[in-house]
1. Take the residues in segment 269-282 that are over 13 Å from V146 (Cβ atoms) and not charged (D, E, K, R), then tell me which one is nearest to the chain's Cα centre (by Cα).
2. Can you tell me which residue within segment 23-78, out of those that are over 18 Å from A108 (Cα atoms), small (G, A, S) and at pLDDT 90 or above, is least open to solvent (accessible area, probe 1.4 Å)?
3. Could you tell me whether segment 337-348 includes any residue that is touching a strand residue (DSSP E or B) at 6+ places or on another chain (Cβ under 9 Å), in a loop (DSSP other than H, G, I, E, B) and surrounded by 18 or more Cβ atoms within 10 Å (Cβ to Cβ)?
4. Restricting segment 89-114 to residues that are β-branched (V, I, T) and farther than 14 Å from M302 by Cβ, which is surrounded by the fewest Cβ atoms within 10 Å (Cβ to Cβ)?
5. Checking the condition touching a residue at least 24 places away in the same chain (Cβ under 8 Å) and under 29 Å from V94 (Cβ atoms), which residue from L258, L246 passes?
6. Say whether the condition of being farther than 30 Å from I345 by Cβ, modelled with pLDDT under 90 and buried (at least 21 other Cβ atoms within 10 Å of the Cβ) is met by at least one residue in segment 204-215.
7. Say we look at segment 139-175 and pick out the residues that are in contact with a Phe, Trp or Tyr (Cβ under 7 Å, 6 or more places away or on another chain) and open to solvent by less than 30 Å² (accessible area, probe 1.4 Å); which of these is modelled with the lowest pLDDT?
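The values are calculated or read from the model by the stated rules, or taken from the named source; none is laboratory data. Owing to the predicted nature of the structure, the values given are computational and were not obtained by experimental measurement. A quick note on method: Cβ atoms are made from the backbone with ideal geometry, for glycine too, and the neighbour counts reach across all protein chains shown. Side chains included, ligands, DNA and RNA excluded: accessible areas come from the protein's heavy atoms. Shrake-Rupley method; radii C 1.70, N 1.55, O 1.52, S 1.80 Å.
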Amino acid sequence: MLARTPHHETLLPIAAYVCTEEGADVARTVVTATGAGDAGLKGGGLSGAARLCLEAPISNLLVTELGNLSSNDACECVREIRQTGAEVIVIGHVTDISTYRALRNAGALEYFQFPVSAEEILAVQQQKPANDPDPVTPKAMSIGVVGATGGVGASVFAHNLAYIASDKDKNTALVDGDILFGSQAFDLNCKGSPGFIEALAAPDRVDGTFLSATMEKVSDTLSLYAHQISSPQDAKRLDASLSALLPPLRASFDMVVLDLQRKAFLEQPELLDQLSMLVIVLPAGFSGVNATARILNYVKQMRPDLATYIVLSNLRKGAALSRKEIEQALSAPINAVLPRSDAPIQKAQNTGKPLCAIDKRSAYSKAVQGVAKDITRGQALAKDAKASRGGLLGRMFS
């Protein structure tokens with residue numbers, strides 16, 4: 001978390017950073033109405049406000065103009081400003097709902113599309129007071145793991161990733177998002193946790209005490225929510241509550257790893273709002289590349305600021321496309337590769353423990369450890385594709 005620099009003796013009630021005449025006209029009316037005058041009107045837009053956010057702040061509420069920033073860059077600017085404790089309102093010409101959602105998820109108090117009036121902006125200021133001087137404590141990191149196709153070892157990868165996180169003294173929750181056919185309880189030789197179904201039935205009543213009493217303890221620092229029910233109708237109803245269960249989980253743990261069904265965030269796009277990163281596990285085959293391309297496109301539309309991390313699984317060969325061919329087809333890098341490890345994984349499942357727990361030196365365990373390091377350091381994000389789509393695969397999946 002960034003520390004705040006000493007502030008001015010008297011903060012302005014509001015300040016504006018604009019980059020066009022249209023933005024300046026609106027902002028001038030806003031700052032004048034609050035008594036800030038010309039001192040509260042600055043240039044540079046949203047990016048300028050982010051560059052200056054570590055200097056002595058002039059206000060705890062900033063109106064900023066989006067300008068020509070991409071959605072990803074704009075969200076990063078909003079996060080930098082929010083880390084200082086200031087609220088930020090963004091105005092701009094972008095009209096799509098995905099940008100609005102992305103900016104709000106990044107911490108913006110509101111996003112207004114031009115034309116916008118000073119009265120609308122001031123109404124937001126009056127509804128919510130400026131933040132306390134101290135930065136808001138961030139929520140726990142939540143990692144969604146999804147297999148691009150079935151049989152790629154996404155669930156095995158999810159519980160090994162959760163184990164690695166918990167082994168680093170992070171109090172970790174592993175959640176099996178498939179309450180009809182989930183395998184996590186069986187793989188880890190644990191009893192199911194009926195409290196999981198209770199939590200999904202009434203997520204608004206879940207707190208740390210309830211979680212502590214109902215989650216299965218895999219170890220001192222790893223807790224599991226996994227349970228199977230027999231009714232597809234009940235499962236569909238309960239699945240819709242998964243996104244509402246994540247906030248209390250994130251408030252009670254240092255890390256949450258969610259083993260997701262492919263259809264989950266398609267049917268519940270609000271799940272994406274609760275994720276810090278989406279890890280996609282795919283095989284080296286045409287169907288896996290096609291499914292991954294569709295997932296990436298969906299995430300880009302619904303939440304473009306969400307970090308994605310692509311893991312190539314060699315659990316089965318499929319069409320055995322090369323890493324380079326897959327990267328060209330997806331226009332995104334492969335961030336990690338899981339080596340084929342039939343015998344070690346079979347041994348781990350026979351003992352009911354994660355492979356990373358019984359053999360930390362195996363090639364598979366080292367690969368998962370590398371992913372865990374990338375995630376905790378916030379590195380290797382497949383946001384901006386640098387590889388160009390080329391050849392037959394690129395035309396197929398573009």
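1. By that ranking, first place goes to S276.
2. A24
3. No; the residues of segment 337-348 include none that is touching a strand residue (DSSP E or B) at 6+ places or on another chain (Cβ under 9 Å), in a loop (DSSP other than H, G, I, E, B) and surrounded by 18 or more Cβ atoms within 10 Å (Cβ to Cβ).
4. Looking at residues that are β-branched (V, I, T) and farther than 14 Å from M302 by Cβ, I get T95.
5. From the options L258, L246, the qualifying one is L246.
6. For segment 204-215, residues farther than 30 Å from I345 by Cβ, modelled with pLDDT under 90 and buried (at least 21 other Cβ atoms within 10 Å of the Cβ): present.
7. A140
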